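Asks: Here's a structure for you.
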Amino acid sequence: MNNSPIIYKSERIWSSMDFISILKKLLVEHLGTDNSEVQSNFESKLSWSIDLNFGEFISSESDLEIFKLGLEKLKSSLSKTITDFNSNDFAHKIYELLKSSSDKKEFSDFIIKIPDGKGSEFMELVSTCIKMLNNEPVFETLKNLDLAQLIGEWTSVKSDDTPDYDINFNMTDYSPAYSEIKILITQNSNCEIKIPARDYTNPKITEINIISGDCEINEGILFIKQKELTKKIPILNLEEEELKMTLFKTNITFNRTTR
């Protein structure tokens, strides 16, 4: 699935465009503001936006409370309505939360794209949005992790979705090759992240150093400083020689290959 951002202030998470479309449609019906002008404004902006940036809609404390309450109402409606999160039940039960038949017709285009067993992830997405608006941490990171525990080379073995490298490959001599991603963290607190790619003139897969710089870890977030930019990578889990992090708009699991 193609992932797009959900943003509030400095926090950013990624979800499928279909999930975001479903979330926006349901959120409009659960905002519950008595001001029809405000409701119409929210509905118009939510309908036309590709991603979801809460900052575009929230300009006051009253706006913030409207969205907080709307998300809480939506979460409550989902928990009461949906007890089984397979695709068929998710599709039929979620229709009950929509008011108009036209909404249901449009909704079906998104629902049929949701893979089986993904209903629970939608519930998690709503809960994460609530955390964002409450200024709570949106990732369950390893708070006491030390950088020394990550020293070595790591090779990807699994990702939840296809990684999005955020590179316009049309402007390069390469095309993406979705195989192993490698991370190297040195004792000198330097980090390199290399992605696989193919040179148009050579079918052999090569590696591109896409992220490189001094690094540190704080509250389970790996910070990599690149010139004026700082890359933030949440570390979700570390068990023996296996590392899980949020990177390239998805969750990726790595195995340690060298120390």
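The values are calculated or read from the model by the stated rules, or taken from the named source; none is laboratory data. Everything numeric here is computed off the predicted structure, so don't read it as measured data. Please note: Cβ atoms are built from the backbone with ideal geometry, for glycine as well, and neighbour counts cover all protein chains shown. Accessible surface areas use protein heavy atoms only, side chains included; no ligands, DNA or RNA. Shrake-Rupley method; radii C 1.70, N 1.55, O 1.52, S 1.80 Å.
Asks: So which residues in region 180-207 are at pLDDT below 90 and β-branched (Val, Ile, Thr)?
Replies: Correct list: Thr201, Ile205, Thr206.
Asks: Any residue in region 191-207 that is of a type in the set (D, E, K, R) and on the phi > 0 side of the Ramachandran plot?
Replies: No - not one qualifying residue is present in region 191-207.
To keep it simple, each residue is scored yes or no on (1) open to solvent by less than 20 Å² (accessible area, probe 1.4 Å); (2) modelled with pLDDT of 85 or more; (3) over 19 Å from Glu72 (Cβ atoms); (4) not acidic (Asp, Glu).
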{"site": "Ile114", "(1), (2), (3), (4)": "yes, no, yes, yes"}
{"site": "Leu125", "(1), (2), (3), (4)": "yes, yes, no, yes"}
{"site": "Thr128", "(1), (2), (3), (4)": "no, yes, no, yes"}
{"site": "Asp164", "(1), (2), (3), (4)": "no, yes, yes, no"}
{"site": "Asn170", "(1), (2), (3), (4)": "no, no, yes, yes"}
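Asks: May I ask you to say which residue of Ser175, Ser127, Ser120, Ser179 is under 30 Å from Asp18 (Cα atoms), assigned to a loop (DSSP other than H, G, I, E, B) and among the small types (Gly, Ala, Ser)?
Replies: Ser179
Asks: Please work out which one of (1) in contact with a helix residue (DSSP H, G or I) (Cβ under 6 Å, 6 or more places away or on another chain); (2) at pLDDT 65 or above; (3) open to solvent by 70 Å² or more (accessible area, probe 1.4 Å); (4) not in a helix (DSSP H, G or I) is the condition Asn135 fails and give its number.
Replies: Failed condition: (1).
Per-residue answers, yes or no, for (1) out of contact with any Cys (no Cβ under 6 Å at 6 or more places or on another chain); (2) farther than 26 Å from Leu125 by Cα:
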site	(1), (2)
Phe139	yes, no
Ser156	yes, no
Asn168	yes, yes
Gln187	yes, yes
Cys191	no, yes
Lys227	yes, yes
Leu236	yes, no
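Asks: Follow-up question, since we're still on this one. I need every pair where a residue in region 153-171 that is in contact (Cβ under 8 Å) with a residue 24 or more places away in the chain has its Cβ under 6 Å from the Cβ of a residue that is among the aromatic types (Phe, Trp, Tyr) and part of a strand (DSSP E or B), sequence separation at least 6 or different chains.
Replies: So the pair list comes out as Trp154/Phe254; Ser156/Phe254.
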